[in-house]
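The values are calculated or read from the model by the stated rules, or taken from the named source; none is laboratory data. From a predicted model like this one, the values you see are computed outputs, not experimental measurements. Heads up, the Cβs are rebuilt from the backbone with ideal geometry, glycines too, and the neighbour counts pull from every protein chain shown.
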Amino acid sequence: MGQLAPRVCTDEAEIQRLLGLITRLPAHGRVVLHMGDGTRHEGVVKVRTSAQMFRDPQRREGTNAVVSMERAGSPGQVDRIWLDQVARVDYVGPAAAAEN
């Protein structure tokens, strides 16, 4: 391990919530991420997301995940979003062939 994250999940219920969100993030799937702060990110998931162990700034070990997503309407622009900040995932469908 050795990767740092701004926040980590240590509570089993929160880890299970992350794992549930991951199931809605298939590689090359078009999704809308609804963030806890009310903002949204729409795009195509570049690679399958997986939960990993990280350390937070206080050196606590826990779980988090990063979603790599190409922005809708901005080919080549990829955002990396911490999954613990996502409140809901809406799966829209597979990416169009021209987007990959």
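Structure notes:
- Against the test of being modelled with pLDDT of 95 or more and out of contact with any His (no Cβ under 9 Å at 6 or more places or on another chain), the options 40, 7, 88 yield a single qualifying residue, 7.
- If you go through segment 3-27 and keep only what is touching a residue at least 24 places away in the same chain (Cβ under 8 Å), closer than 12 Å to residue 67 by Cα and not in a helix (DSSP H, G or I), you end up with 24, 25, 26.
- Evaluation of residue 97 against (1) at pLDDT below 95; (2) touching a helix residue (DSSP H, G or I) at 6+ places or on another chain (Cβ under 7 Å) (one fails), failing number: (2)
- Test: residue 26 is surrounded by 13 or more Cβ atoms within 10 Å (Cβ to Cβ), touching a Pro at 6+ places or on another chain (Cβ under 9 Å) and at negative phi: yes
- Members of segment 50-65 that are buried (at least 17 other Cβ atoms within 10 Å of the Cβ), assigned to a strand (DSSP E or B) and either modelled with pLDDT under 95 or in contact with a Leu (Cβ under 9 Å, 6 or more places away or on another chain) (or both): 54, 63, 64
- Note on segment 46-92: residues that are within 11 Å of the chain's Cα centre (by Cα), of a type in the set (S, T, N, Q) and over 16 Å from residue 26 (Cα atoms) amount to 2.
- Selection within segment 28-49 - basic (Lys, Arg) and in a loop (DSSP other than H, G, I, E, B): 46, 48
For (1) surrounded by 15 or more Cβ atoms within 10 Å (Cβ to Cβ); (2) without any contact (Cβ under 8 Å) to a residue 24 or more places away in the chain; (3) among the aliphatic types (A, V, I, L, M), each residue gets a yes or a no:
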residue: 33; (1), (2), (3): yes, no, yes
residue: 39; (1), (2), (3): no, yes, no
residue: 47; (1), (2), (3): no, yes, yes
residue: 67; (1), (2), (3): yes, no, yes
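- When segment 69-100 is limited to residues that are assigned to a loop (DSSP other than H, G, I, E, B) and on the phi < 0 side of the Ramachandran plot, the one that is surrounded by the most Cβ atoms within 10 Å (Cβ to Cβ) turns out to be 95.
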